[in-house]
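The structure appears below as structure tokens.
Read the figures in this text as sums done on the coordinates, not as results from a lab. As the structure is a prediction and not an experimental result, all values here were calculated from the model. Glycine also receives a Cβ, built like all others from the backbone with ideal geometry; neighbour counts cover every protein chain displayed.
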Amino acid sequence: MLNALSRQADRYVVIGNPIAHSMSPFIHADFAAQLGLPLQYERVLAPLNGFRQTVAALQAAGVKGANVTVPFKLDAFSIASELPNTLSTAAMFAQAANTLKFNADGTVLADNTDGGGLCRDLVRQLKTLGLRLDQCQVLMVGAGGAASGCVAAFQAAGIQHLTVLNRTVSKARELAERAEAIDLPAAGGALDTPPSHFEIPGAPVLIVNASSSSLKGDMPVLHADWYARAVLVYDMMYAAKPTPFIRSLHHQDLACSDGLGMLVFQAQLAFEVWTGQSPDALETLTKVRQALLAKAKQQ
Ligand code: ATR
């Protein structure tokens, strides 16, 4: 009888630049261990102008799939859209892919599991508040790549309404129009727009920070009424300590979450795409949180 060790391990990778910080190998190793799958998962640092060659070499070496991170998600999408392939709805909406599956016949499946991962984490956290995601409306702050990666998943999850607020208002409006085009009721505006402009009265508000402002030490300043209506504030960023965005809300009595759950759930979705099996993401999330804290203590 074959056991996990005697079977040849399928190879998977995460490609980025930089990549040394990536927690994906830890996450996928834990998923594989849970399910007894002989899976090998490595970090690959691709040259900034060498993503295409890196993918070709990995495919030739028999690698079964790749996670793709900054700055290559748009390249991953464009590679897959040129080859015989299948593009998921989420990847097509975002024009970006974070998951590639290399099939034996040379075809490539490109998916974007970021938004689906976010929605799984939101569903889990809302459940503890006695709420469902499809009852809620979302205020999304930011209109860049991270934001557009989530819109198709919000539509699939059946949220009531999406408000996109962004420093550059034209980008917020454009993303809202694209959301409306896939039948997700949406509106876009400036960061200081009050909820009365766009909200669906009565639907619980989720605030999702998809902007990269705090990377630059800045904070999106929203109209205070949004916080008065919010049931959960979610920052897609994560760190051992509360993120700057969440820290800025410490004086308010609000349920807050960083994006570590999104990271683990997007990995769970990628793992499902590759293997057809679903590990327990919550079990892994607990370990990833501990590892993050331990790493921070060492620094
Ligand atoms: P990502 O892939 O992380 O989304 P991006 O596509 O460059 O990166 O988008 C960054 C987002 O964060 C944008 O919505 C950006 O606002 P602009 O469209 O106005 O550039 C937002 N952002 C970045 N720095 C910001 C800041 N200091 N204040 C507010 N929003 C900021």
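Please report Trp274, Trp226 as a ranked list, fewest other C-beta atoms within 10 angstrom at the top and most at the bottom.
Placing the least packed residue first, the sequence is Trp226, Trp274.
What's the magnitude of the charge dipole for the chain around its Cα centre, counting Lys and Arg as +1 and Asp and Glu as -1 at the beta-carbon? Answer in Debye, nearest 20.
Values: 23 positive and 24 negative charges, 149 e Å.
About 720 debye.
Hey, what angle do you get for helix 24-35 against the long axis of the chain, alpha-carbon based, 0 to 90 degrees rounded to 10?
Roughly 70 degrees between the two axes.
Just for the chain, what percent of DSSP beta bridges are antiparallel, to the closest 5?
Around 15 percent antiparallel, to the nearest 5.
Over region 115-261, calculate the relative contact order: mean separation of alpha carbon pairs under 8 Å at least 6 apart, over the residue count, as a percent.
This gives 22 percent for region 115-261.
What is the packing order of peptides 111-118, 26-33, 40-47, 265-272, taking the mean over residues of other C-beta atoms within 10 Å and listing the highest first?
For the peptides 111-118, 26-33, 40-47, 265-272, the packing ranking is 111-118, 265-272, 26-33, 40-47.
Please give the peptides 13-21, 155-163 ranked by average Cβ packing (other Cβ atoms within 10 Å per residue), highest first, as a rough proxy for protection.
Working: 13-21: 17.3, 155-163: 20.0.
Those peptides, ordered most packed to least, come out 155-163, 13-21.
Compute the Cα gyration tensor for region 162-299, then decide on rounded, prolate or oblate, letting a ≥ b ≥ c be the square roots of its eigenvalues: rounded whenever a/c is under 1.5, prolate when a/b is larger than b/c in the other cases, and oblate in all that remain.
Oblate is the answer for region 162-299, as a/c is 1.5 or above yet b/c matches or exceeds a/b.
With each pseudo-label sitting 7 Å past Cα toward Cβ, what's the Arg124-Ser170 distance in nm, one decimal?
4.0
Please give the contour-minus-distance gain from Ile182 to Arg289: 0.36 nm per residue of separation, less the Cα-Cα distance, rounded to one decimal in nm.
Values: separation 107, 0.36 × 107 = 38.52 nm, distance 3.53 nm.
Full extension from Ile182 to Arg289 adds 35.0 nm.
Can you pick out the pairs among Lys64/Lys171; Lys64/Lys287; Lys64/Lys241; Lys216/Lys287; Lys101/Lys241 whose Cα atoms lie more than 32 Å from each other?
On the way: Lys64/Lys171 36 Å; Lys64/Lys287 26 Å; Lys64/Lys241 35 Å; Lys216/Lys287 29 Å; Lys101/Lys241 34 Å.
Result: Lys64/Lys171; Lys64/Lys241; Lys101/Lys241 exceed 32 Å.
Under the 0.36 nm per residue contour assumption, what length would be gained going from the current alpha-carbon distance of Ala224 and Asp280 to full extension?
Value of the extension gain: 16.4 nm.
For helix 260-275, what angle does its Cα long axis make with the longest principal axis of the chain, in degrees from 0 to 90 and rounded to 10?
Between helix and principal axis, roughly 40 degrees.
Which residues among region 55-81 fall inside the zone where the amide N is under 16 Å from a point 7 Å beyond the Cα of Gln40, along Cα→Cβ?
Once the point is set 7 Å along Cα→Cβ of Gln40, 57-66 turn out to lie under 16 Å by backbone N, inside region 55-81.
Can you say what percent of the DSSP beta bridges in region 9-110, counting only those with both residues inside, are antiparallel? Round to 5.
30
First measure r as the distance between the Cβ atoms of Leu48 and Gln8, then evaluate 1/(1 + (r/R0)^6) with R0 = 45 Å and state the FRET efficiency to the nearest 0.05.
Numbers: r = 33 Å, r/R0 = 0.73.
So the FRET efficiency works out to roughly 0.85.
Can you give the relative contact order of the chain as a percent, counting alpha carbon pairs under 8 Å and 6+ residues apart?
It comes to 15 percent, rounded to a whole number.
So for Asp192, Asp280, Asp235, fewest C-beta neighbours within 10 Å to most, what's the order?
Fewest-to-most Cβ neighbours within 10 Å comes out as Asp192, Asp280, Asp235.
With a sphere of radius 13 Å drawn around the Cβ of Val208, what net charge do the other residues whose Cβ falls strictly inside it have (Lys, Arg +1; Asp, Glu -1)? Don't jump to the answer; show the numbers that get you there.
Working: positive: none; negative: Asp114, Asp121, Asp235, Asp258.
Overall, the nearby charge balance is -4.
Go ahead and collect, in residue order, the members of region 236-255 whose backbone nitrogen is under 11 Å from a label point 7 Å along the Cα-Cβ direction of Gln135.
Those under the cut-off are none; the list is empty.
Suppose the chain between Ala156 and Ser212 were pulled fully straight at 0.36 nm per residue; how much longer would it get relative to their current alpha carbon spacing?
Gain in length upon complete extension: 17.7 nm.
Residues with beta-carbon under 10 Å from that of Lys64, excluding Lys64: net charge, scoring Lys, Arg +1 and Asp, Glu -1?
Residues close to Lys64 contribute a combined charge of +1.
Against the longest principal axis of the chain, how steep is helix 73-82, in degrees 0 to 90 to the nearest 10, with axes from Cα atoms?
The two axes meet at around 60 degrees.
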